[in-house]
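Trainee: Submitted below is the structure of interest, expressed as structure tokens.
The values are calculated or read from the model by the stated rules, or taken from the named source; none is laboratory data. These numbers were taken from a predicted model, which means no experiment stands behind them. FYI the Cβ positions are ideal-geometry reconstructions off the backbone, even for glycines, and counts take in every protein chain you see.
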């Protein structure tokens, strides 16, 4: 990890857990780049840019779109101004609700894979030169991606795409090992967000706080592993 001011990038940062990450990173002193599909509509993020002048940049990104990822990769060096990223949080994701056995649709599965697994993998590859040696890549996963602990049929496209993202985490950990970049999959817990619903056990702030504490304490030996928000190892 680089010394001095830390630079962090959070995708899917306009609400929920992503927004909570941005707030906590800014509060601790990081310079933050936050992405959203429609930055003009990201009211909370745009308010934060006024609260932290020069410390927060909001950029457009549709993580499932090739051209959008390429455009972000082109724009980042201008925003970073010769600095490198110390932390990348691949948070953007999609959950299609209401899937039923016998009524599954290939388009929903394909979209889930594109946004939740393919997008973060290729975004990380595209901006790899901008990551500092020793940086951390945190892929936000889910307990539903744990094949060993599934007890019910539920949201198969989401679960399958996040399980694929977990494998991408392992692959990236191996690829980045020579640069001492740590890559981990993180289960944020059941969070009260638009995706998690109103019955979630954690606020976005509680989850983000726990996850950042875990991220800050990671060792190289932890790269390629799957943890929950309290730092406990998750079963694959």
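Trainee: If we scan the stretch 46-58, do we find a residue that is crowded, with 17+ Cβ neighbours inside 10 Å, under 30 Å from residue 109 (Cβ atoms) and free of Cβ contacts under 8 Å to residues at least 40 places away in the same chain?
Mentor: The answer is no, given that none of the residues of the stretch 46-58 is crowded, with 17+ Cβ neighbours inside 10 Å, under 30 Å from residue 109 (Cβ atoms) and free of Cβ contacts under 8 Å to residues at least 40 places away in the same chain.
Trainee: Quickly run through the stretch 141-170 and pick out the residues that are crowded, with 17+ Cβ neighbours inside 10 Å and not in a helix (DSSP H, G or I).
Mentor: Matches in the stretch 141-170: 141, 142, 146, 155.
Trainee: Further, regarding this structure: Kindly evaluate residue 8 against the criterion of being at pLDDT 95 or above and under 24 Å from residue 219 (Cα atoms). Can you show your working first?
Mentor: Details: at pLDDT 95 or above: yes; under 24 Å from residue 219 (Cα atoms): yes.
Yes.
Trainee: Residue by residue through the stretch 16-41, note down the ones that are in a loop (DSSP other than H, G, I, E, B) and closer than 14 Å to residue 92 by Cα. If you could, list the steps in order and put the result at the bottom.
Mentor: Start the filter on the stretch 16-41 by keeping residues that are in a loop (DSSP other than H, G, I, E, B), which leaves 28-30, 37-38.
Result: 37, 38.
Trainee: Quick check, is residue 159 over 19 Å from residue 87 (Cβ atoms) and modelled with pLDDT of 95 or more? I'd like the intermediate steps shown before the answer.
Mentor: Values: over 19 Å from residue 87 (Cβ atoms): yes; modelled with pLDDT of 95 or more: yes.
Taking the combined requirement at face value, the residue satisfies it.
Trainee: Quick check on residue 235: is it under 15 Å from the mean Cα position of the chain (by Cα), modelled with pLDDT of 95 or more and either more than 21 Å from residue 134 (Cα to Cα) or not in a helix (DSSP H, G or I) (or both)?
Mentor: no
Trainee: Please tell me if residue 132 is touching a residue at least 24 places away in the same chain (Cβ under 8 Å), surrounded by 16 or more Cβ atoms within 10 Å (Cβ to Cβ), closer than 19 Å to residue 189 by Cβ and in contact with a strand residue (DSSP E or B) (Cβ under 8 Å, 6 or more places away or on another chain). Let's see the steps before the verdict.
Mentor: Details: touching a residue at least 24 places away in the same chain (Cβ under 8 Å): yes; surrounded by 16 or more Cβ atoms within 10 Å (Cβ to Cβ): yes; closer than 19 Å to residue 189 by Cβ: no; in contact with a strand residue (DSSP E or B) (Cβ under 8 Å, 6 or more places away or on another chain): yes.
Considered against the rule, which asks whether it is touching a residue at least 24 places away in the same chain (Cβ under 8 Å), surrounded by 16 or more Cβ atoms within 10 Å (Cβ to Cβ), closer than 19 Å to residue 189 by Cβ and in contact with a strand residue (DSSP E or B) (Cβ under 8 Å, 6 or more places away or on another chain), residue 132 comes out as no.
Trainee: Could you tell me which numbered condition residue 48 fails, if it satisfies all but one of (1) part of a helix (DSSP H, G or I); (2) farther than 30 Å from residue 202 by Cα; (3) over 17 Å from the mean Cα position of the chain (by Cα)?
Mentor: (2)
Trainee: Based on what the data block shows, is residue 175 over 17 Å from the mean Cα position of the chain (by Cα), free of Cβ contacts under 8 Å to residues at least 24 places away in the same chain, part of a helix (DSSP H, G or I) and surrounded by fewer than 22 Cβ atoms within 10 Å (Cβ to Cβ)? Spell out the reasoning first.
Mentor: Working: over 17 Å from the mean Cα position of the chain (by Cα): yes; free of Cβ contacts under 8 Å to residues at least 24 places away in the same chain: yes; part of a helix (DSSP H, G or I): yes; surrounded by fewer than 22 Cβ atoms within 10 Å (Cβ to Cβ): yes.
Against the criterion (over 17 Å from the mean Cα position of the chain (by Cα), free of Cβ contacts under 8 Å to residues at least 24 places away in the same chain, part of a helix (DSSP H, G or I) and surrounded by fewer than 22 Cβ atoms within 10 Å (Cβ to Cβ)), residue 175 qualifies.
Trainee: So, one more: I'd like to know if the stretch 81-94 contains one or more residues that are in a loop (DSSP other than H, G, I, E, B), on the phi > 0 side of the Ramachandran plot and either surrounded by 14 or more Cβ atoms within 10 Å (Cβ to Cβ) or in contact (Cβ under 8 Å) with a residue 24 or more places away in the chain (or both).
Mentor: In the first step, residues of the stretch 81-94 are kept if they are in a loop (DSSP other than H, G, I, E, B); the result is 81-84, 91-94.
Filter again for on the phi > 0 side of the Ramachandran plot, leaving 81-82.
This time we only want the ones that are either surrounded by 14 or more Cβ atoms within 10 Å (Cβ to Cβ) or in contact (Cβ under 8 Å) with a residue 24 or more places away in the chain (or both), so: none.
No: the stretch 81-94 contains no residue that is in a loop (DSSP other than H, G, I, E, B), on the phi > 0 side of the Ramachandran plot and either surrounded by 14 or more Cβ atoms within 10 Å (Cβ to Cβ) or in contact (Cβ under 8 Å) with a residue 24 or more places away in the chain (or both).
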